[in-house]
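Visitor: Quick one: the structure is below, questions incoming.
Read the figures in this text as sums done on the coordinates, not as results from a lab. This is a predicted model, so every value here is computed, not measured. Ideal geometry is used to build each Cβ from the backbone, glycine not excepted, and the neighbour counts take in all protein chains shown.
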Amino acid sequence: MKKGLKILIGILLLIGIGIGGFAYMQHKEHEKMVTIATSQEARKVYEDYFKQLDSEALTAQGKIRTYEINENDLEYNPMGGLSVLIVINEDKQLYVRLLIIESSETGSYEISGSVKSASFVNLLKN
């Protein structure tokens, strides 16, 4: 009985270590994504993009006054790049999801795609 109990405890311990290691690696990967998405270089790319959409963006007169990176909604795209959800003007109905990639030529970040919410598109039209 004691030998069976030791084996069971050993197996449970190995399973626990495996799950803990996986969770740790997921946490580290998320930290890396947050570091990229919130970097000054990435913020410059976002701000340039917003200024293309609204020449007065990020000013009191602009339609796009503020933006916030949703750090809980970052994911790597299987085709490459990092998908970043950005909330506009502190309104969760106004958002854009940007796919940023690192340019193979310059090494800097650039936007390779975007998806805008219907509310955000309407804001830009008016």
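Visitor: Tell me, ILE36, ILE88 in order of fewest to most beta-carbon neighbours within 10 Å?
Guide: ILE36, ILE88
Visitor: So which GluC sites (Glu not before Pro) in the stretch 18-126 pass both tests, a DSSP loop state and at most 14 other Cβ atoms within 10 Å of the Cβ? Intermediate values should be presented prior to the final figure.
Guide: Details: sites: GLU29, GLU31, GLU41, GLU47, GLU56, GLU68, GLU71, GLU75, GLU90, GLU102, GLU105, GLU110; in loops: GLU56, GLU90, GLU105.
Sparse-neighbourhood loop GluC sites (Glu not before Pro): GLU56, GLU90, GLU105.
Visitor: Once you've got the GNM for the chain with C-alpha springs shorter than 10 Å, pick whichever of ILE101, ILE15, ILE64 has the biggest mean-square fluctuation.
Guide: In the Gaussian network model the winner is ILE15.
Visitor: In whole Å, how far is the Cα centre of the stretch 99-116 from that of the stretch 14-67?
Guide: 13 Å
Visitor: Provide the per-residue ³J(HN,Hα) series for the stretch 83-91, in order, calculated from phi with Karplus coefficients 6.51, -1.76, 1.60 and θ = phi - 60°, each as a whole number of Hz, with x at glycine and proline positions.
Guide: So the J values, rounded to whole Hz, are 8, 10, 8, 10, 8, 9, 6, 6, 10.
Visitor: Report Rg(Cα)/(2.2 N^0.38 Å) for the chain, keeping two decimals. Before the final figure, lay out each step's value.
Guide: Working: Rg = 21.2 Å, N = 126, 2.2 N^0.38 = 13.8 Å.
Normalised Rg, Cα atoms only: 1.53.
Visitor: I would also like to ask the following. Looking only at THR106, THR38, THR66, which one moves most when the chain is put into a Gaussian network model with springs between Cα atoms under 10 Å?
Guide: Answer for the Gaussian network model of the chain: THR106.
Visitor: Moving on. Given contacts defined as C-alpha pairs under 8 Å and at least six residues apart, what's the relative contact order of the chain, whole-number percent? All intermediate terms of the calculation are to be shown ahead of the outcome.
Guide: Numbers: 155 pairs, mean separation 19.6, N = 126.
This gives 16 percent for the chain.
Visitor: Can you work out ³J(HN,Hα) from phi for every residue in the stretch 106-123, in order, using Karplus 6.51 cos²θ - 1.76 cosθ + 1.60 and θ = phi - 60°, giving whole Hz and x for Gly and Pro?
Guide: 9, x, 9, 7, 8, 8, 10, x, 8, 9, 9, 5, 4, 5, 5, 4, 4, 4
Visitor: Calculate the dipole size of the stretch 2-125 relative to its Cα centre from +1 charges on Lys and Arg beta carbons and -1 charges on Asp and Glu beta carbons; express the result in debye to the nearest 20. Walk me through the intermediate numbers first.
Guide: Working: 14 positive and 16 negative charges, 157 e Å.
For this selection, approximately 760 debye.
Visitor: Would you mind calculating the gained length between THR35 and GLU47 on full extension (0.36 nm times residue separation, minus the Cα-Cα distance), in nm to one decimal? The partial results should precede the final answer.
Guide: Numbers: separation 12, 0.36 × 12 = 4.32 nm, distance 1.71 nm.
Fully extending the segment from THR35 to GLU47 adds 2.6 nm.
Visitor: Moving on to the next point. Cβ under 15 Å from LEU124's Cβ, LEU124 left aside: what net charge do those residues give with Lys, Arg +1 and Asp, Glu -1?
Guide: Working: positive: LYS51, LYS63, ARG65, LYS116, LYS125; negative: ASP54, GLU56, ASP91.
Residues near LEU124 contribute +2 overall.
Visitor: Taking amide H positions as placed in the peptide plane 1.01 Å from N, state which residues far from TYR67 in sequence (5 or more) or on other chains have amide H under 5 Å from it.
Guide: Those lying under 5 Å, H to H, from TYR67 are ASN89.
Visitor: Further, regarding this structure: In a Gaussian network model over the chain where Cα atoms closer than 10 Å are linked, find which of LEU98, LEU82, LEU58 has the largest mean-square fluctuation.
Guide: LEU58
Visitor: Still on this structure, please answer the following. Please identify which residues in the stretch 43-73 have an amide N closer than 17 Å to a label point set 7 Å out from the Cα of ALA23, following the Cα→Cβ vector.
Guide: none
Visitor: Further question: So, counting K/R as plus one and D/E as minus one, what does the shell of residues with Cβ under 13 Å around ILE101 add up to?
Guide: Details: positive: none; negative: GLU41, GLU102, GLU105, GLU110.
Within the 13 Å Cβ shell, the charges total -4.
Visitor: Still on this model: Which Rg and Dmax, in Å, describe the Cα atoms of the stretch 86-126?
Guide: 12.9, 37
Visitor: Across the stretch 22-33, in residue order, what do the Karplus-derived ³J(HN,Hα) couplings come to in whole Hz, using 6.51 cos²θ - 1.76 cosθ + 1.60 with θ = phi - 60° and x for Gly and Pro?
Guide: Values per residue, Gly and Pro as x: 5, 4, 4, 5, 4, 4, 5, 5, 5, 4, 5, 5 Hz.
Visitor: A further question on this structure: Which is farthest toward the positive dipole end of the chain among LEU5, TYR49, GLY21, measuring Cα position about the Cα centre, with Cβ charges +1 (Lys, Arg) and -1 (Asp, Glu)?
Guide: Positive-most Cα among the choices belongs to LEU5.
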